[in-house]
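Have a look at the structure below before the remarks.
The values are calculated or read from the model by the stated rules, or taken from the named source; none is laboratory data. Here the structure is a predicted model, which means the values were calculated and not measured. All Cβ positions, even for glycine, are placed from backbone atoms using ideal geometry, and neighbour counts span all protein chains on display. The area values use the complete protein model at the heavy-atom level, side chains included, leaving out ligands, DNA and RNA. Shrake-Rupley method; radii C 1.70, N 1.55, O 1.52, S 1.80 Å.
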Amino acid sequence: MLRAYLAFAKKSFLQKSAYRFDHFMGIFNTILRIFIFWEIYQALYGGRAEVDGITMSMVTTNFILSMGLSVVFKVNDFYLPDKLQDGSIATELLLPVSFHGRMLASNLGSSLFQLVFHFVPALVVSVLIMGMEAPVSAPMFILFLVSTLLGYFVLWSISFLMQMMSFWMLNVWAVMTIKDVFVNVLSGSMIPLWFMPDWMQGVLKFTPFSYIYFTPVQIYLGQLSIKEILIRFAMQAFWIFVLLMAGAFFWKKGQKKIVVQGG
């Protein structure tokens, strides 16, 4: 069974590698986004070493990591909606492997390609141009990687739940756009959560968004104690479980609404 999912992941990886121009433009787009936000915050800092205890190098590190990871974490929000619209969902459900497993395997294959051929080159160029802080220690870097993986599954679980809405909606583009806005703003990708009001930071601890990018960045920079890191890991796992259970509930309900016409 595992071999089948690996085959789906491999297929997704190879599909990404077929479009070389898109590959180079993806690297350029990532570097450009990081550079634009870096220049904006350079101007806002106005040559000051730090603002409210947050140094420019910390902000730079946040942008390079969070925006770079947002490329790796790019999830296909229309995997299920597309199959519902073209009717291929009927064939998909007859296959002897989990539909959800294929969704995840496909995304993982795409993410692996993005990691190797988009994030790493963009990371190298960004560090050479702008510089960034090194991880505070090797153990913290390992914990950062664990949190990053959990952050990916938090984002994937959000997308999984949102895709279930396609059983009740003809077009989920608006839903996905709203979801992207919330993720971009509240995850710390566009605006480091250090600069959010204290009350907002308190509220975000009870949402899944801050656990996608900002928690891994905080671990990378050594801002969290071991106890705090374990609590964040638990919260990431909690949100993955809750979102997947909610998605599974709507999946079960939605399957009863499937009607495929044609022949």
Cα-centre dipole for the range 1-149 with unit charges at Cβ (Lys and Arg positive, Asp and Glu negative), debye to 20 | 520 debye
Could you do me a favour and compute the accessible area per residue for the range 79-176, 1.4 Å probe, result in Å²?
-> 46 Å²
With Cα atoms, 0 to 90° folded angle of helix 173-186 axis to the chain main axis = 20 degrees
Neighbour cut-off at most 16 other Cβ (10 Å), DSSP loop, trypsin sites (Lys or Arg not before Pro), the range 162-263 | Lys205, Lys256, Lys257
Consider the candidate values (1) 31, 24, 15; (2) 34, 21, 17; (3) 38, 26, 18; state which one is semi-axes √(5λ) of the Cα gyration tensor in Å computed from the structure displayed.
-> (2)
Taking a temperature of 10 °C and a viscosity of 1.306 mPa s, what whole-number D in µm²/s does Stokes-Einstein yield for the range 1-61 with Rh from Kirkwood over alpha carbon pairs?
-> 107 µm²/s
Cα-based helix-to-principal-axis angle, 120-130 vs the chain, degrees rounded to 10 = 20 degrees
What's the carbon and sulfur percent of the chain's accessible surface, probe 1.4 angstrom, rounded to a whole number?
-> 70 percent
Could you give me the ³J(HN,Hα) list for the range 207-217, computed from phi with Karplus coefficients 6.51, -1.76, 1.60 and θ = phi - 60°, whole Hz, x at Gly and Pro?
-> 10, x, 5, 5, 8, 7, 10, 5, 4, x, 5
Obtain the radius of gyration and the Kirkwood radius of the range 129-263 from its C-alpha atoms and give Rg over Rh.
-> 1.07
Mind counting lysine pairs for me in the range 2-260? Cα separation below 25 Å, and the two need to be 8 or more apart along the chain or on different chains.
-> 20
Would you work out which of Phe182, Leu65, Gln163 lies farthest towards the positive end of the dipole of the chain, given +1 charges on the beta-carbon of Lys and Arg and -1 on that of Asp and Glu, about the Cα centre?
-> Gln163
Compare the peptides 102-111, 10-19, 39-48 by average per-residue count of other Cβ atoms within 10 angstrom and give them in order, highest first.
-> 102-111, 10-19, 39-48
How many angstrom separate the Cα center of the range 19-52 from the Cα center of the range 196-263?
-> 26 Å
Relative to the first principal axis of the alpha-carbon coordinates of the chain, what is the inclination of helix 56-72, with its axis defined by its Cα atoms, in degrees from 0 to 90 and to the nearest 10?
-> 10 degrees
Between Asn29 and Asn171, with labels modelled 7 Å along Cα→Cβ, what's the label distance in nm to one decimal, could you check?
-> 2.1 nm
Which value, in debye to the nearest 20, gives the size of the charge dipole of the chain about its Cα centre, when Lys and Arg are +1 and Asp and Glu are -1 at the Cβ?
-> 900 debye
